[in-house]
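Let me begin by presenting the structure, written as structure tokens, before commenting on it.
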Amino acid sequence: MTSPVRLALLGCGTVGSDVVRLLHEQSADLAARIGAPLEIAGIAVRRLGRDRGDLPVDPALFTTDALGLIKRDDVDVVVEVVGGIEPARSWLVEALRAGKSVVTANKALLAEDGATLHDAAAEGGADLYYEASVAGAIPLLRPLRESLHGDRINQVTGIVNGTTNFILSAMDATGAGFAEALEEATELGYAEADPTADVEGFDAAAKAAILASLAFHTRVTAADVHREGITEVSAADVASAKAMGCTIKLLCIATRGADAAGRETVSVRVHPAMIPLTHPLASVGDAFNAVFVEAEAAGQLMFYGRGAGGAPTASAVLGDVVAVARNRLAGVHAASESAYADLPVRPMGEALTRYHISLDVADRPGVLEAVAGVFARHEVSIATVRQAPAGAGPGAELVIVTHVAPDAALAATVRQLRGLDIVRSVTSVLRVEGGA
Ligand code: NDP
Ligand code: HSE
């Protein structure tokens with residue numbers, strides 16, 4: 001057998017420790033698949049004294065000098081599972097420019113400044129693989145960047161954050177409010193102590209940027225993604241969705257389309273939305289992820305599985321390690337980033353969507369006409385209207401679902417409705433996706 005492929009592992013937390021375990025448990029199989037054994041040259045961590053349980057690795061391999069480890073001549077592949085922008089970016093640029101293969105799970109860095117990493121990979125003639133950065137164990141980026149390269153992808157719709165899917169699924173199943181469901185998610189270890197990145201949609205927005213870039217051969221960064229989290233989703237919204245035969249999911253939606261001048265553009269957004277129970281994404285419960293891809297020739301494809309957790313994410317990391325190790329032995333590297341399309345990103349106001357709006361209104365003649373007039377003024381067409389007695393008092397509840405319209409027109413309609421004296425309150429506003 002040929003000489004070993006030597007890895008520098010940066011980070012040994014939730015994901016890194018499972019990378020170590022799997023490397024140990026599957027060493028013979030991995031060596032047979034690659035044609036050379038994999039060896040850990042060193043493991044960079046922040047705290048040398050941290051208790052790492054019964055990790056099957058020589059303690060002498062640990063170091064706090066990540067850069068020194070990367071620069072060592074006997075390191076072929078750098079596996080980064082630390083996270084964050086710096087120092088991860090500097091480390092990976094250093095490795096790639098030196099021609100070392102990089103495998104990373106760092107969605108935040110790829111979404112904020114993937115271009116710098118791709119440029120460094122091109123400069124160094126090195127591999128940059130990042131399957132684990134979106135939807136954990138689910139093989140998704142490789143299909144987008146390789147298997148579907150002969151096709152034209154028009155839309156990617158996904159549930160790409162496990163924590164928020166757990167919370168919304170719990171709200172749907174028990175009628176609990178957001179705070180109560182978040183508490184359960186924290187107790188069960190799904191939500192982190194600071195859940196902001198998940199519940200405010202930052203994590204999903206980073207993944208949306210990576211997916212859109214790959215699907216449409218363009219560069220989309222996290223800053224290009226319209227982002228809304230789930231903190232405002234109420235038990236009343238969930239009940240309204242149920243009444244319509246829908247459920248609420250935090251969706252990432254990346255769409256190719258044309259602007260008013262006919263120029264091809266992309267629109268990338270993350271927000272909660274109602275989807276019909278018949279939609280394939282509606283049955284994705286618990287902390288699972290799923291991504292629905294619509295391509296011109298392939299039609300509809302669905303990818304489903306565990307989007308987080310040490311072992312599932314380590315599975316994706318190791319798949320990449322095998323790929324880059326094989327490439328090194330063959331003396332090749334994968335084709336560099338394909339961003340030739342260079343598509344402009346459309347503002348959220350131009351995204352086409354539908355709204356579900358619940359209003360608490362005065363119950364008297366002319367109210368329906370006044371409300372309908374606001375929709376008409378903004379050229380928003382109403383699809384259905386349902387009126388029910390209000391829960392308390394003399395008013396009525398109006399539930400209106402629109403046809404598809406630009407988001408800006410829908411938002412302006414809601415703003416004007418809030419100003420009508422016959423509207424006592426706008427109790428729920430949610431987008432509707434997936435053809436309900
Ligand atoms: P953890 O916080 O569990 O682990 C981070 C590791 O990085 C720790 O070992 C820590 O050292 C080390 N580290 C932190 N700062 C430094 C530093 N300055 N120098 C050297 N080492 C450092 O993170 P995760 O394992 O959960 O996540 C790692 C990456 O994987 C992130 O990019 C994350 O977004 C991504 N990811 C995570 C998933 C998950 O389910 N956890 C799923 C998909 C992707 P020490 O052990 O000493 O504290
Ligand atoms: N916090 C993320 C989630 C981890 O809940 O999906 C995986 O990226």
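Highest mean packing comes first when the peptides 105-118, 124-137 are listed by Cβ atoms within 10 Å, giving 124-137, 105-118.
Here r is the Cβ-Cβ distance between SER283 and GLU39 and R0 is 41 Å; the resulting FRET efficiency, rounded to 0.05, is 0.45.
Rg over Rh for the range 392-436 works out to 1.00, using Cα positions for both radii and the Kirkwood form for Rh. Each residue of the range 7-13 was assigned a 3J(HN,Hα) from its phi angle through the Karplus expression (A = 6.51, B = -1.76, C = 1.60, θ = phi - 60°), giving 10, 9, 9, 9, x, 9, x Hz with x at Gly and Pro. How much accessible surface does MET244 have with a 1.4 Å probe, in Å² rounded to 10? It works out to around 60 Å². Bridgeable aspartates and glutamates around LYS242 (alpha carbons under 13 Å apart, same-chain partners fewer than 8 residues away excluded): ASP172. The string of couplings for the range 346-362 from the Karplus curve (6.51, -1.76, 1.60, θ = phi - 60°) is 7, x, 4, x, 8, 5, 8, 8, 10, 10, 10, 10, 10, 10, 9, 10, 5 Hz, one whole number per residue in order, with x for Gly and Pro. With a 1.4 Å probe rolled over the protein heavy atoms of all chains, the accessible area of LEU67, LEU96 falls in the order LEU67, LEU96, largest first.
Using all pairs of distinct alpha-carbon atoms, the Kirkwood hydrodynamic radius of the chain works out to 23.4 angstrom. Distance between the pseudo-spin-label points of SER234 and ALA341 (7 Å out from Cα toward the beta carbon): 3.9 nm. Exposure check, 1.4 Å probe, all protein chains in place: LYS71 carries approximately 110 Å² of accessible surface.
Overall form of the range 349-432: prolate. Here a/c, set by the Cα gyration tensor axes a ≥ b ≥ c, is 1.5 or more, and a/b is the larger of a/b and b/c. Take the Cβ atoms of ALA260 and ARG46, set R0 to 45 Å, and the FRET efficiency comes out at 0.35. Listed by chain and number, the lysines whose alpha-carbon sits under 20 Å from that of LYS100, ignoring those within fewer than 8 places in the same chain, are LYS71.
When the Cα positions of ALA170, VAL160, GLY189 are compared along the charge dipole of the range 141-306, VAL160 comes out farthest toward the positive end, with charges on each C-beta of Lys, Arg, Asp and Glu.
Using a/c under 1.5 as the rounded threshold, could you call the range 53-152 rounded, prolate or oblate? The axes a ≥ b ≥ c are square roots of the C-alpha gyration tensor eigenvalues, and prolate needs a/b larger than b/c, oblate otherwise. Prolate, because a/c is 1.5 or more and a/b exceeds b/c. Give, to the nearest whole percent, the P(r) tail of the range 11-100 beyond 14 angstrom, counting all Cα pairs. More than 14 Å apart: 67 percent of the Cα pairs in the range 11-100. Here is the P(r) of the range 290-411: all C-alpha pair distances, binned every 5 Å from 0, give 2, 8, 10, 10, 11, 11, 10, 8, 8, 7, 6, 4, 3, 2, 1, 0 in whole percents.
Overall, the range 349-432 carries a charge dipole of about 80 debye about its Cα centre when +1 sits on the Cβ of Lys and Arg and -1 on the Cβ of Asp and Glu, all other atoms neutral. Would you mind pulling out the separation of the Cα centroids of the range 124-158 and the range 210-230, in Å? So the two Cα centres are separated by 13 Å. The angle between the Cα long axis of helix 202-216 and the main principal axis of the chain comes to about 80°, on a 0 to 90 degree scale. Which angle between 0 and 90 degrees, to the nearest 10, do you get for helix 310-330 versus the longest principal axis of the chain when only C-alpha atoms count? That works out to roughly 50 degrees.
Shape class of the range 137-209 from the Cα gyration tensor (axes a ≥ b ≥ c, square roots of the eigenvalues): prolate, since a/c reaches 1.5 or more and a/b is larger than b/c. The ellipsoid that matches the Cα gyration tensor of the range 141-306 has semi-axes, each √(5λ) in whole angstrom, of 28, 16, 15, with the longest given first.
If you take all other residues with their beta carbon under 11 Å from the beta carbon of ASP360, and give Lys and Arg +1 and Asp and Glu -1, the sum is -1.
Label sites at ALA334 and ILE422, each approximated as a point 7 angstrom past Cα along Cα to Cβ, lie 5.8 nm apart. Computed from Cα positions, the angle between helix 107-124 and the longest principal axis of the chain comes to roughly 40 degrees.
The values are calculated or read from the model by the stated rules, or taken from the named source; none is laboratory data. Nothing here was measured: the structure is a model prediction, and the numbers come from that model. Here the Cβ is made from the backbone with ideal geometry for all residues, glycine too, and neighbour counts use every protein chain on show. Please note that ligands, DNA and RNA were not included when accessible areas were found on the heavy atoms of the full protein model with its side chains. Shrake-Rupley method; radii C 1.70, N 1.55, O 1.52, S 1.80 Å.
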